[in-house]
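Remarks on the structure that follows.
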Amino acid sequence: MSAVAQPALELNDVSLAFAGATQNTHLVLSTLDLRVSAGEFVCFVGPTGCGKSTLLNIAAGLLRPSSGNVRVFGQALSGLNRKAGYLFQSDALLPWRTALDNVAAGLVFRGVPLAEARNQGQAWLTRVGLAGFGDRYPYQLSGGMKKRVALAQVLVLDPKIVLMDEPFSALDVQTRSMMENQLLDLWSADRKSVLFITHDLEEAIALADRVVLLSAGPGSRIIGDYPITLPRPRDVAEIRMDEDFVALHREIWQALRAQVQQAHAQS
């Protein structure tokens with residue numbers, strides 16, 4: 001099979017358990033099988049504590065599964081996933097660096113000369129709508145601006161897989177909608193594979209090609225995989241009024257609500 005035909009990411013029978021304070025172990029994920037195609041946008045939903053962030057950390061190579069294996073473009077993952085970029089819930093901006101130097105930092109760490117790294121960083125600041133803000137420090141930027149810098153900081157490294165852990169959850173509604181549309185515009189330009197964690201089912205449906213539902217833990221597993229056939233390009237505010245969107249939301253929410261109730265009862 002050619003490299004082009006290989007899935008971007010495969011999780012094969014993956015389980016992960018953490019050791020507790022005693023000899024007991026806590027099973028977080030149980031026998032997960034997942035395929036993410038090259039260029040596919042996949043959103044993950046599930047109740048709090050079901051292991052969504054743990055799944056991303058396994059995909060990033062930050063955690064090694066207790067059993068099963070992970071493959072990236074057909075190759076077994078060993079150590080960090082060098083083909084992935086990670087956008088965390090909290091911005092990873094260095095407060096003593098300007099916006100431009102924050103975006104350029106990853107390239108510099110990889111050995112790119114400073115001048116070239118800044119040129120590429122400036123190009124990405126322009127792409128995220130911050131062309132005139134390269135000399136600003138993080139404390140001088142709004143929450144939405146900082147999130148755009150963080151997004152540029154990841155994408156300037158040209159990862160083939162982008163891991164996003166509730167990246168817009170701290171933003172106000174208007175800024176969040178703007179960031180979601182900007183993300184879709186950037187994604188549509190080069191179609192990287194995206195794994196996106198969210199607690200917001202509407203956000204998941206508006207963004208994704210597929211929505212994957214994780215069960216309540218312990219031992220969370222995939223219990224739903226919903227193709228999202230809404231036409232693209234999408235405006236995330238307008239698509240929410242589409243009849244097909246409402247039907248998809250109703251279908252997935254019925255399954256998600258049962259898992260949220262189960263998690264609440266267990267807690």
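The values are calculated or read from the model by the stated rules, or taken from the named source; none is laboratory data. Bear in mind the structure is a predicted one, so any value in this text is a computation, not a measurement. With ideal geometry, Cβ positions are generated from the backbone for all residues, glycine too; neighbour counts draw on all protein chains shown. Note: accessible area is taken over every heavy atom of the protein model, side chains too, but ligands, DNA and RNA are not part of it. Shrake-Rupley method; radii C 1.70, N 1.55, O 1.52, S 1.80 Å.
A few remarks follow.
- Leu9 being open to solvent by less than 10 Å² (accessible area, probe 1.4 Å), closer than 25 Å to Leu207 by Cβ, in contact with a Gly (Cβ under 9 Å, 6 or more places away or on another chain) and modelled with pLDDT of 95 or more: no
- Per the listing Val156, Val149, Val162, the residue uniquely at pLDDT 95 or above, crowded, with 19+ Cβ neighbours inside 10 Å and touching a Ser or Thr at 6+ places or on another chain (Cβ under 9 Å) is Val162.
- Close pairs from the range 95-120: first farther than 25 Å from Lys83 by Cβ and of a type outside the set (A, V, I, L, M, F, W, C), partner open to solvent by less than 70 Å² (accessible area, probe 1.4 Å) and assigned to a loop (DSSP other than H, G, I, E, B), Cβ under 7 Å, at least 6 apart: Thr98/Gly134
- Long-range neighbours under 9 Å by Cβ, at least six apart or interchain, first residue on the phi > 0 side of the Ramachandran plot within the range 8-21, second in a strand (DSSP E or B): Asp13/Thr31; Asp13/Leu32; Asp13/Asp33; Asp13/Ser67; Asp13/Gly68; Asp13/Asn69
- Qualifying residue in the range 33-52 (condition: touching a residue at least 40 places away in the same chain (Cβ under 8 Å), touching a strand residue (DSSP E or B) at 6+ places or on another chain (Cβ under 6 Å) and of a type in the set (S, T, N, Q)): no
- Pick from the range 95-129, criterion in contact with a helix residue (DSSP H, G or I) (Cβ under 6 Å, 6 or more places away or on another chain) and in a loop (DSSP other than H, G, I, E, B), ranking: nearest to Arg71 (Cα to Cα): Val128
- Close contacts from the range 60-73, counting a first residue that is open to solvent by 70 Å² or more (accessible area, probe 1.4 Å) and a second that is among the hydroxyl-bearing types (Ser, Thr, Tyr), with Cβ to Cβ under 8 Å and a gap of 6+ residues or different chains, come to Ser66/Ser15.
- Within the range 48-94, tally of residues that are among the polar types (S, T, N, Q), assigned to a loop (DSSP other than H, G, I, E, B) and within 18 Å of the chain's Cα centre (by Cα): 4
- The number of residues in the range 222-249 being surrounded by 16 or more Cβ atoms within 10 Å (Cβ to Cβ) and closer than 19 Å to Leu32 by Cα comes to 3.
- Any hit, the range 132-139, residues being within 23 Å of the chain's Cα centre (by Cα) and surrounded by fewer than 22 Cβ atoms within 10 Å (Cβ to Cβ): yes
- Conditions (1) under 21 Å from the mean Cα position of the chain (by Cα); (2) within 28 Å of Asp185 (Cα to Cα): number failed by Val246: (1)
- Leu183 meets each of the listed conditions (1) more than 24 Å from Val108 (Cα to Cα); (2) open to solvent by less than 30 Å² (accessible area, probe 1.4 Å); (3) touching a Ser or Thr at 6+ places or on another chain (Cβ under 7 Å) apart from (3).
- Residue list for the range 206-237, filter: more than 25 Å from Thr54 (Cβ to Cβ) and either out of contact with any Ser or Thr (no Cβ under 8 Å at 6 or more places or on another chain) or of a type in the set (A, V, I, L, M) (or both): Thr229, Leu230, Pro231, Arg234, Asp235, Val236, Ala237
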